[in-house]
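To start, the structure itself, in structure tokens.
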Amino acid sequence: MNINLVTSNLGKVEELTHILEPFGHKASQLQVECPEIQAPTLEEVVDFGLDWLSAQKIQTPFIIDDAGIFIESLQNFPGVYSRYVYDTIGLQGVLKQMEGLEDKSTKFKCVIGLMLEDGSKHKFVGECKGNLIQEMRGTGGFGYDPIFIPDGYKKTFSELSPEEKNGISHRGRAMEKLIKFLSNTVI
């Protein structure tokens, strides 16, 4: 099946394509200027995106996703504002906010929205818990990957191979649910 990936983030395109292809799904990037609302949850952002894109008559099936990093000691900030925080203060700014805090517990969360040709909407959620570190390590991945170590690992997401990261990441876990759904659905 050919699935349109509605995103301008090339890192997401690479990850999603890498995950979908072994299951016989072809992924194509579709760049559409989609307004991103300010909402308290990732799920609400994805719901709005699915509805807005559907009203624009975007070719189905398509998927969108929203993801964030939730730092427990900062009351789950930046959460839904992760992209904005990354774009404005960067990783160094986030690390500065963490100075002096003992608890570095963090989770990544991803919500993937799927719109099918029949107009039905489906959401798939994935999470990955871990800790932030005070220095950037690794050259792979994108976004917050250089400062996040998933539970049970000693390497950051940026230091893991794409296969390792996709097997445990928030996006990988959400995609696993999406792929299971697609394999059990007649489209």
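The values are calculated or read from the model by the stated rules, or taken from the named source; none is laboratory data. Given the structure is predicted, the values throughout are model-derived calculations rather than measurements. Don't worry about glycine lacking a Cβ; one is built from the backbone with ideal geometry, like all the others, and counts go over all protein chains shown. When the accessible area is computed, the model is the full protein with side chains, heavy atoms only, and any ligands, DNA or RNA have been set aside. Shrake-Rupley method; radii C 1.70, N 1.55, O 1.52, S 1.80 Å.
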Solvent-accessible heavy-atom area per residue, rounded to whole Å², over the range 117-186 at 1.4 Å: 52 Å²
Centroid-to-centroid separation of the range 48-71 and the range 102-178 [C-alpha atoms, Å]: 18 Å
Where labels lie 7 Å past Cα in the beta-carbon direction, separation of Thr88 and Leu10 in nm: 2.6 nm
Spacing of the two label points (7 Å from each Cα toward its C-beta) at Asp151 and Gln97, in nm: 2.2 nm
Label-reachable residues, the range 87-125, where backbone N falls under 13 Å from a point 7 Å from Lys177's Cα toward its Cβ: 109-114, 122-125
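By per-residue mean of other Cβ atoms within 10 Å, what is the highest-first order of 168-177, 69-78?
Descending mean neighbour count gives 168-177, 69-78.
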GNM flexibility winner over the chain from Thr41, Thr139, Thr88 (Cα, springs under 10 Å): Thr88
The chain: relative contact order in percent, alpha carbon pairs under 8 Å with at least 6 residues between: 18 percent
Accessible area of the range 37-92 divided out per residue, in Å², using a probe of 1.4 angstrom: 52 Å²
Under the Karplus curve 6.51 cos²θ - 1.76 cosθ + 1.60, θ = phi - 60°, whole-Hz ³J(HN,Hα) for the range 129-140, x wherever Gly or Pro sits: 9, x, 9, 8, 10, 8, 9, 8, 9, x, 10, x
Rg to Rh, two decimals, where the chain supplies the alpha carbon set and Rh follows Kirkwood: 0.97
Within the accessible area of the range 36-181 (1.4 Å probe), percent carbon and sulfur: 50 percent
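Per 0.36 nm of contour for each residue apart, how much would the distance between Glu135 and Ser28 grow if the chain were fully extended, relative to their Cα-Cα spacing? Present the calculation step by step, with values, prior to reporting the outcome.
Values: separation 107, 0.36 × 107 = 38.52 nm, distance 3.45 nm.
Additional length available on full extension: 35.1 nm.
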